[in-house]
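Only one structure is covered here, and it is reproduced in the block below.
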Amino acid sequence: MPENGYITARAYMSEAQLPLSNVAVTIVSSDGTAIAMRLTNRSGLTEPVAIPTPERSESEQPEENGRPFTDITIYAWKSGFEQVAARNVQVFSGITTIQDLEMVPLSELPDRWDENVLYNTPPQNL
């Protein structure tokens, strides 16, 4: 029986981690299919999004076939900020994963107005 894990994005600015509201967040499956689109609230958080995952029992034994998590990619955009992409975000059954997205104001990087910030999460050694 398929199970679900959950993903919540947390968008913020600067090392002080000031929350950013109205950041457009798109969650995409590993095959490129859009799963959900959300806006962050005034705390910089999206509502949790259910992600189909492998069964939890697959993560309890070493050397099981396949991975016990689902990979997703998260894109974040807000006017006046660099676009952010977080790849290979891992979502496990029954767990809410919180993905931090540090948004950098374009005014701090005038020569990089058309670049993206990319976070790539390597798979866990399970």
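Since every read-out is calculated from the coordinates, none of them should be taken as a lab result. As the structure is a prediction and not an experimental result, all values here were calculated from the model. Every residue, glycine among them, receives a Cβ derived from its backbone with ideal geometry; neighbour counts consider all protein chains shown.
Contour minus end-to-end for Thr96 and Glu15, with contour as 0.36 nm per residue of separation and end-to-end as the Cα-Cα distance?
Taking 0.36 nm per residue and subtracting the Cα distance, the gain is 26.8 nm.
For the pair Ser107 and Asn4, how long in nm is the line joining their label points, each one 7 Å along Cα→Cβ?
Simple spin-label model gives 4.0 nm for this pair.
Going highest first, how would you order 27-33, 78-84 by mean Cβ packing within 10 Å?
Output ranking for 27-33, 78-84: 78-84, 27-33.
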